[in-house]
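Notes for the one structure printed next.
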Amino acid sequence: MTDPEAAPVAVAPLPAGPFDVVVVGAGAAGLWCAGTAALRGRRVLLLEKNRRPGVKVLASGGGHCNVTTTLEGPALLDAFGREQGRFLAASMRRLPPSELRRRLDALGVATDVEPALEKVWPLSRRARDVADALVARAVRAGARLETATPVVDVARDGAALRVRTPRGDVVAPSVVLAVGGCSYPKTGTTGDGYAFAQALGHTVVRCVPALVPLVVETPWVRALAGIALGDARVTVVRDGKLLADRRRPTLFTHTGLSGPGPMDVSRWFEVLPPWHRPTLAIDLLPARGEEDVRRALLDAITRAPAERVARLLPGALPARLAEGLCTHVGVDPERRAAETSKADRHALVQALKRLTLPVAGTRGFDFAEVTAGGVALPEVEPTTMASRLVPGLSVVGELLDVDGPIGGFNFQAAFATGEAAGLAV
Ligand SMILES: Cc1cc2nc3c(=O)[nH]c(=O)nc-3n(C[C@H](O)[C@H](O)[C@H](O)COP(=O)(O)OP(=O)(O)OC[C@H]3O[C@@H](n4cnc5c(N)ncnc54)[C@H](O)[C@@H]3O)c2cc1C
């Protein structure tokens, strides 16, 4: 990963132009947008702050890049929630996941599917192959890519827009803001786009970290670090209202909870103020009903009354977790099973099916895979990504008030909105 503070700024003046379009930011959305516009014959200048384009693509999916999802149509849109889904409908129709995969395949990046989680990966499992293909697509089509070039301001200039950089200004009739959000700032996304958009008159919906690990300070939970559950159900409730419900892998870490389940629901511990903080509960055995679990525990105790109770919890949980649960509900894990009371067994079943953990917060933008919030969607035209307020300006990718769950949704949104703008500028 590059540290933008350390990235040298190129000193040569910007290429002379003229350019029809300046795309600011060479991430997934900007690279795709620049390629699409250049393929239409537009003269495109693509400016990137980092020395290398596509840094977040390279860092994504643990270096493997979960490039999109297998979900299409309403299921795809539903993953973003009602308002965002409605906004994304047109662009996702134009570049749905199946079409994106076909285009990536034509670029030499064959993909395959991880069916259980509907994830699509490059067959090579190399994020670099995706990043290289995106750059090659844009550059081969004629887009001029200038790296180590941070944009410092975007302002109206008569009927056009002026983009300011330390290498000089460039004026063009169209500017596409594709600078991402403010999560993982080490990758170059330091939230510059919010200031640009606001200065031009746009509203920015409050930004909070999303898809971020949760902090749980309880010592017994931290002692479970390293335990991964392939199947768990995480729910978030406040005042009796179910805010989020995800059945996804869950990981215990030295700071709390991570993995797709907890990260997918993490936004709720940021959007609500601390005094309204919701409750997080984990169902450790989501494939089994509560009665089934109760019966299984009782049967196990009846069969092996002399066994330590921690060894008899249903679900073949890791020993450390089973022992932690027993201690949590006040049952000595060493106790002989026959010595447990009905109340003990009830508490154990509750812990297995509805383990409530006190979430102190999230690990913040430094560890968030995306930013929730951004440029307000009603101010952007959903078929073209054109600003409704500033002629010539378009906004794409994560800079918009768009964020999806883990599973390739965020790249899919970046590509689809990039394509929509690339076809319109
Ligand atoms: C660790 C990690 C793993 C992830 N894994 C996945 C995954 O597997 N699947 C998935 O769908 N999503 C994943 N995401 C989310 C995904 O990376 C983003 O949603 C996506 O990259 C957004 O694309 P974008 O083009 O809008 O923004 P970005 O990819 O963030 O690109 C913005 C670009 O603009 C540049 N920039 C910023 N400011 C300026 C400026 N002032 N001047 C010039 N350039 C500027 C940045 O350097 C950057 O290159 C992951 C995110 C992280 C942090």
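Taking only region 245-276 into account, find how many residues are charged (D, E, K, R), in contact with a Lys or Arg (Cβ under 6 Å, 6 or more places away or on another chain) and buried (at least 21 other Cβ atoms within 10 Å of the Cβ).
Final tally of qualifying residues: 1.
Quick one: which of Lys186, Lys241 is surrounded by fewer than 20 Cβ atoms within 10 Å (Cβ to Cβ), among the basic types (Lys, Arg) and outside the structural domain of Leu325 (by TED's automatic domain parsing)?
Just a single option satisfies the conditions, and that option is Lys186.
For residues that are in a loop (DSSP other than H, G, I, E, B) and in contact (Cβ under 8 Å) with a residue 60 or more places away in the chain, scanning just region 155-167, find the one that is surrounded by the most Cβ atoms within 10 Å (Cβ to Cβ).
The selected residue is Arg167.
Given the residues Ala304, Ala300, Ala310, which is the only one that is more than 24 Å from Asp245 (Cα to Cα), surrounded by 21 or more Cβ atoms within 10 Å (Cβ to Cβ) and not assigned by TED's automatic domain parsing to the domain that holds Ala79?
Unique residue meeting the criteria: Ala310.
Name every residue in region 100-138 that is closer than 19 Å to Val22 by Cβ and either in contact with a strand residue (DSSP E or B) (Cβ under 6 Å, 6 or more places away or on another chain) or charged (D, E, K, R) (or both), in order of residue number.
The answer is Arg137, and nothing else.
If the requirement is being more than 16 Å from the ligand (Cβ to nearest atom) and β-branched (Val, Ile, Thr), which of these qualifies: Val221, Val175, Val179, Val163?
Val221
Taking region 401-416 on its own, how many of its residues are β-branched (Val, Ile, Thr) and closer than 26 Å to Gln198 by Cα?
1
I'd like to check something: does region 195-208 contain any residue that is near the ligand (Cβ under 9 Å from one of its atoms), more than 19 Å from the chain's Cα centre (by Cα), outside the structural domain of Ser258 (by TED's automatic domain parsing) and crowded, with 22+ Cβ neighbours inside 10 Å?
Yes: one or more hits.
Conditions tested, residue by residue: (1) assigned to a helix (DSSP H, G or I); (2) buried (at least 19 other Cβ atoms within 10 Å of the Cβ).
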| position | (1), (2) |
| --- | --- |
| Leu88 | yes, yes |
| Met92 | yes, yes |
| Val113 | no, no |
| Arg125 | no, no |
| Val130 | yes, yes |
| Gly142 | no, no |
| Thr149 | no, yes |
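Report, by residue number, each residue of region 255-294 that is part of a loop (DSSP other than H, G, I, E, B), under 26 Å from Leu312 (Cα atoms) and not basic (Lys, Arg).
Of everything in region 255-294, those that are part of a loop (DSSP other than H, G, I, E, B), under 26 Å from Leu312 (Cα atoms) and not basic (Lys, Arg) turn out to be Leu284, Leu285, Pro286, Ala287, Gly289.
Here are some residues: Val57, Val120, Val109. Which one is touching a helix residue (DSSP H, G or I) at 6+ places or on another chain (Cβ under 7 Å), in a strand (DSSP E or B) and not acidic (Asp, Glu)?
Of Val57, Val120, Val109, the one residue that is touching a helix residue (DSSP H, G or I) at 6+ places or on another chain (Cβ under 7 Å), in a strand (DSSP E or B) and not acidic (Asp, Glu) is Val120.
Looking at Val120, Val170, which is the one that is under 20 Å from the mean Cα position of the chain (by Cα), within 14 Å of the ligand (Cβ to nearest atom) and touching a residue at least 40 places away in the same chain (Cβ under 8 Å)?
It is Val120.
If I ask for residues that are of a type in the set (A, V, I, L, M) and either buried (at least 24 other Cβ atoms within 10 Å of the Cβ) or within 12 Å of the ligand (Cβ to nearest atom) (or both), which ones from region 47-86 would you list?
Leu47, Val55, Val57, Leu58, Ala59, Val67, Leu76, Ala79
Hey, Gly180 hits all of (1) in the same structural domain as Lys56 (by TED's automatic domain parsing); (2) surrounded by fewer than 21 Cβ atoms within 10 Å (Cβ to Cβ); (3) touching an Asp or Glu at 6+ places or on another chain (Cβ under 6 Å) but one; which does it fall short on?
(2)
Only one of (1) surrounded by 19 or more Cβ atoms within 10 Å (Cβ to Cβ); (2) more than 12 Å from the ligand (Cβ to nearest atom) fails for Ala106. Which number is that?
(1)
Any residue that is touching a Gly at 6+ places or on another chain (Cβ under 8 Å), closer than 14 Å to Leu177 by Cα, in a helix (DSSP H, G or I) and aliphatic (A, V, I, L, M) - is there at least one of those in region 379-392?
No, because not a single residue in region 379-392 is touching a Gly at 6+ places or on another chain (Cβ under 8 Å), closer than 14 Å to Leu177 by Cα, in a helix (DSSP H, G or I) and aliphatic (A, V, I, L, M).
For residues in region 362-394 being out of contact with any Pro (no Cβ under 8 Å at 6 or more places or on another chain) and of a type in the set (Gly, Ala, Ser), which is farthest from Phe411 (Cα to Cα)?
Of everything passing the filter in region 362-394, Ser387 is farthest from Phe411 (Cα to Cα).
Could you please find all residues in region 361-402 being near the ligand (Cβ under 9 Å from one of its atoms), surrounded by 24 or more Cβ atoms within 10 Å (Cβ to Cβ) and farther than 13 Å from Arg206 by Cα?
Ala368, Val370, Val396, Gly397, Glu398
Among (1) among the small types (Gly, Ala, Ser); (2) touching a residue at least 12 places away in the same chain (Cβ under 8 Å); (3) not assigned by TED's automatic domain parsing to the domain that holds Arg156, which single condition is Ser98 missing?
Exception for Ser98: condition (3).
The values are calculated or read from the model by the stated rules, or taken from the named source; none is laboratory data. All values derive from a computational prediction rather than experimental measurement. Note that we place each Cβ from the backbone using ideal geometry, even for glycine, and neighbour counts take in every protein chain shown.
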